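To start, the structure under review is shown below, and the notes come after it.
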Amino acid sequence: MLAPIATNLVNSPSNIPIPNEILSTIFNHVPSSTLTDIACVCQRFNLVAERILYASISIRDVLSNSSPYPWRTGRCCESILRRPGLREAIRKLHIRWSNDSRSPPSHLDLAPTSQTLAQVLVTTVFLESLELWLGPANFQIPPGGIHAVERVVRGCYFPHLLQCSLGAESHKGSPTYSRILETFLASLPSLRHLRLLDHHTALNIPPDALSQLSSFRGSADTSAYLLPGRPVEYLSLVGQDSDVNRDNLPRFTHTSIPLRYLDLSTMSVRPILLRNIATYLPTVEFLRIRLALRHTLHYALSGIRLLAGLASVLGAFPNLTQLDLSPTSVAGVLQSDYDQEIGLCREWSRACPSLRKVTFPSHTEWVLGSDGVWVPGV
């Protein structure tokens, strides 16, 4: 629809040129597929449209025997290298590689694209959001080699980066992270949100680095070394609930501001862990969890009433306002109805007076009104 309009603008008899700033404002509201057509109208439109198209790049390559090369990533990187003027326009770069489970990683050819991606990243200094999930790339590196992610980010500097997510699949013998990652993270002065999904050991970063970090997602052991002294309000843990223990949990308390949001939706959580968390992190206001239902609540109860045993646990959180149980699996276990859910809301709010919002495994949301009555959320 808009490509003909763009052509008419070019062929307009008016002698008043349309400023590039106005074109950019118009093009920013156009879908990417249409913007690609507009870029073909004329050279001037191409220059404006390309900067918008390359400002936000999200690529996913699914690798297999028939497609062992991440061609989408490779093609994009080669295009960027051919257009040096576009590099300063790139604000978001998200790359995800995944392997077709039927294809052994030995059949893949990832090294050339990794090298090209590294060349691009060194030049995109205005990045604000970076995601690198390099999938099976770490499988192809011999033990003692450099981790696949470190090969790509080594030597990069992103002074404007706000969000960063890094990782790759791993197996026994895969290279682990080294000082290269620590040096890279320490060089990000503006970083606010960090995800390290495959880092499971100590992370030694200078105390004055990452001074603006507000959220982290990763393992409990990495969190224990990253959180102290930093203004992290939001923590999302990955792994097993047994990974959160009395060795690392106390270190979560040393953030420079209170930890308010805790997401445990990727692990099966037993009530005993929640009690330990309440002991060390009484400032938690928002709790998102996936309960391990086979472990101890009330076996004498059935259906959704199985969750009644949470009352004593929730009572240990003096500041909890929101409880999200939606990640909890309900297959064949939790069948609920209106009366049961509202009954639990009342029971839990008596034990935890600060509670104002509950989301059940059924994904039904309940909110405590100003009149003290629980009602379904909008």
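Pairing each residue of segment 87-98 that is more than 23 Å from Ala137 (Cβ to Cβ) with any residue that is basic (Lys, Arg) and buried (at least 16 other Cβ atoms within 10 Å of the Cβ), provided the two are 6+ apart or on different chains, yields C-beta distances under 7 Å for Ala89/Arg51. Among the residues of segment 133-162, those that are buried (at least 23 other Cβ atoms within 10 Å of the Cβ) and either over 17 Å from His94 (Cα atoms) or not assigned by TED's automatic domain parsing to the domain that holds Thr113 (or both) comprise Asn138, His147.
When only residues in segment 83-95 that are under 17 Å from Thr116 (Cβ atoms) and modelled with pLDDT under 90 count, which is surrounded by the most Cβ atoms within 10 Å (Cβ to Cβ)? Step through it out loud before you land on a result.
Kept after step one, since they are under 17 Å from Thr116 (Cβ atoms), are these residues of segment 83-95: 83-84, 86-87, 90, 93-95.
Going one step further and asking which of them are modelled with pLDDT under 90, we end up with 83-84, 86-87.
Working: Arg83: 13, Pro84: 9, Leu86: 19, Arg87: 17.
The residue in question is Leu86.
Being assigned to a loop (DSSP other than H, G, I, E, B) and touching a helix residue (DSSP H, G or I) at 6+ places or on another chain (Cβ under 7 Å) is the filter; apply it to segment 105-145 and report the residue that is nearest to His171 (Cα to Cα). Talk me through it step by step, then tell me what you get.
Let us first name the residues in segment 105-145 that are assigned to a loop (DSSP other than H, G, I, E, B), namely 108-110, 124-128, 134, 141-145.
With touching a helix residue (DSSP H, G or I) at 6+ places or on another chain (Cβ under 7 Å) added as a condition, the list becomes 108, 110, 124, 126, 134, 141.
Values: Leu108: 16, Leu110: 17, Thr124: 31, Phe126: 34, Leu134: 14, Ile141: 11 Å.
Among residues in segment 105-145 that are assigned to a loop (DSSP other than H, G, I, E, B) and touching a helix residue (DSSP H, G or I) at 6+ places or on another chain (Cβ under 7 Å), the one nearest to His171 (Cα to Cα) is Ile141.
A single entry from Ala202, Ala186, Ala168, Ala209 fulfils the requirement of being touching a helix residue (DSSP H, G or I) at 6+ places or on another chain (Cβ under 6 Å) and either assigned by TED's automatic domain parsing to the domain that holds Pro112 or over 24 Å from Asp247 (Cβ atoms) (or both): Ala168.
The values are calculated or read from the model by the stated rules, or taken from the named source; none is laboratory data. All figures in this text were calculated on a predicted structure; none of them were measured in a lab. Reconstructed Cβ throughout: ideal geometry from the backbone, glycine too, with neighbour counts over all protein chains shown.
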